[in-house]
Amino acid sequence: MARSGKVAVVGAGFYGSTTAQRLAEYDIFETVVLTDILEGKPEGLALDMNQSRAVEGFETRVVGQTTGPNGEGYEAIAGAEIVIITAGLPRKPGMSRMDLIETNAKIVRQVSENVAKHAPEAVVIVVSNPLDEMTALAQIATQFPKNRVLGQAGILDTARFTNFVAEELNVPVSSVTTLTLGSHGDTMVPVPSASSVDGTPLTEALPAEKVEELVTRTRNGGAEVVALLKTGSAYYAPSAAAARMAKAVHEDSGEVLPVCAWVDGEYGISGVYLGVTAELAKEGVRKVVERDLTDTELAALKEAAEAVRAKQADVQSL
C-alpha cells in the first residue's frame, strides 16, 4: 500500500490520541504526529501505538512531540498536509459547550498561530468546543483561506442520529441514512426529510413523536455521554468522525460529508461557519452541497446560522 504525507493531531487527550490511532491504522499516511503540552505524554503514546503496528499490520509511523507555551516543539508538524486541533478542555456534567468558550479560545488561538507558522499549507480540522465558534477563531488566527479551515461536528451528530434510529427499529446501522446540519449545539438541525430506513422515509418508518424524540436525543447526544462518564466527554465516535474527514482530504476523494464549513450564499445564508454538507478534497472544502430541505428545516438552519453568527463575532476578541 502506498503511504504518503504527514497528518498532525494537536492535543493528546482521549480524543486526540484515539484520532491519532485511527489515522495510523488507516495505513495511508507516512507519518502521524501527536503533540501535547504535557511533557512526555505524546511521546509515550506514540511509542505505545508504534508497538501495536506488528499486531494490527500497519506501517504508518507515529511521532510524539511535547510542545511549550512559546511554540516550542511545533516544528514537528512542519510540512503536515492536515492538522487536527483537539486541544482544549472537555465538558463536565452540567456544562454546555458554550461554557468552554473563553478558556478554549485562548488555547485554540495559540495553537492556530503555531499551525500557521509551521504548517502554512495545511488543511485545518477543528474539533475543540464550542465547535462552530472555535472553527471561526482558527480561521481568524491562521488567516488561511476559509475553505482550508473546517470543523468536525456533522459526521458525529449524524452518526448519533443513525445509531439511535437503528436501535429504535432494531435494524443494522447500515440500513439507516440520516443527516444533521446547523450548529454543534442547541441549534443543531437533524433533517428527518433526508433520513430513511432501507429506502423508506424515516417519517413513514416511525411516528412523528418518536422521530422528534430521537431528534432531541441527537441534539443532546454529547451531554448524555458526559453525564454518564462524569469525567471527560465522548471520544470514540468523535475521533472516528475527525479521522474520516482527514482521510477524505488526504485522498482528494470529493466525498460529500456533513461538516462545519464557511457558507457564502448557500441556503440564502452568508458569512458564517455552519454545519452543512460539503465535498472534501485536498483543498479542504471543495464546495458546499445544498440539500433539499423542508420549509421548517430551512427555517431552523437559518435560525442556527444567526445564533452561531453572533457567537462567532464574539470570538474575534478572545
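The values are calculated or read from the model by the stated rules, or taken from the named source; none is laboratory data. This one's a predicted model, so the numbers in the text were calculated from it and none came from an experiment. Please note: Cβ atoms are built from the backbone with ideal geometry, for glycine as well, and neighbour counts cover all protein chains shown. SASA here: full protein model, heavy atoms, side chains in, ligands and nucleic acids out. Shrake-Rupley method; radii C 1.70, N 1.55, O 1.52, S 1.80 Å.
Annotations for the structure displayed:
- Gain in span if fully extended, ASP252 to THR294, counting 0.36 nm per residue against the direct Cα distance: 12.0 nm
- Accessible area (Å², per residue) of region 71-173, counting only protein heavy atoms and a probe of 1.4 Å: 36
- Residue order for LEU45, LEU38 - accessible surface, 1.4 angstrom probe, largest first: LEU38, LEU45
- Of the residues GLU283, GLU297, ranked by 1.4 Å probe accessible area with the largest first, the sequence reads GLU283, GLU297.
- For VAL289, the residues whose modelled amide H falls within less than 5 Å of its own, excluding neighbours fewer than 5 places apart on the same chain, are THR277, ALA278, GLU279.
- Relative contact order (%) - the chain, alpha-carbon pairs under 8 angstrom, separation at least six: 17
- Candidate lysines - alpha carbon under 22 Å from LYS302, same-chain residues fewer than 8 apart omitted: LYS146, LYS287, LYS311
- Using alpha-carbon coordinates, inclination of helix 41-50 to the longest axis of the chain, degrees: 80
- Averaging the sequence gap over all C-alpha pairs within less than 8 Å and six or more residues apart, then dividing by the number of residues, gives region 129-278 a relative contact order of 28 percent.
- 5 angstrom amide H check on ALA8, placed H, neighbours 5+ away: VAL33, ILE82, VAL83, ILE84
- The chain - charge dipole about Cα centre, Lys and Arg +1 at Cβ, Asp and Glu -1, debye rounded to 20: 620
- Protection proxy ranking of 110-116, 303-309 - average other beta-carbon atoms within 10 Å, highest first: 110-116, 303-309
- Three-way shape call for region 181-260 based on the alpha-carbon gyration tensor, with the a/c threshold at 1.5: oblate
- Evaluating 6.51 cos²θ - 1.76 cosθ + 1.60 at θ = phi - 60° for every residue in region 177-190, the Karplus couplings come out as 10, 9, 7, 10, 10, x, 8, 8, x, 4, 9, 4, 10, x Hz, glycine and proline recorded as x.
- Label sites at ASP314 and GLU113, each approximated as a point 7 angstrom past Cα along Cα to Cβ, lie 2.2 nm apart.
- Prolate/oblate/rounded label for region 160-314 (Cα gyration tensor, a/c 1.5): rounded
- When the Cα positions of LEU89, ILE77, GLN152 are compared along the charge dipole of region 77-159, LEU89 comes out farthest toward the positive end, with charges on each C-beta of Lys, Arg, Asp and Glu.
- Centre-to-centre, using Cα atoms only, region 211-227 and region 141-208 are separated by 12 Å.
- With Cα atoms, 0 to 90° folded angle of helix 154-169 axis to the chain main axis: 50
- Unit charges on C-beta of K, R, D, E only; dipole of region 115-164, Debye: 120
- Angle between the chain longest axis and helix 236-250 axis [Cα atoms, degrees, rounded to 10]: 70
- Close amide H contacts of ASN220 (hydrogens built in the peptide plane, cut-off under 5 Å, sequence separation of 5 or more or a different chain): none are found.
- Extension gain for SER270 to ASP198 (0.36 nm times residue separation, less C-alpha to C-alpha distance): 22.4 nm.
- Charging the Cβ of each Asp and Glu at -1 and of each Lys and Arg at +1, and nothing else, the dipole of region 251-318 about its Cα centre rounds to 220 debye.
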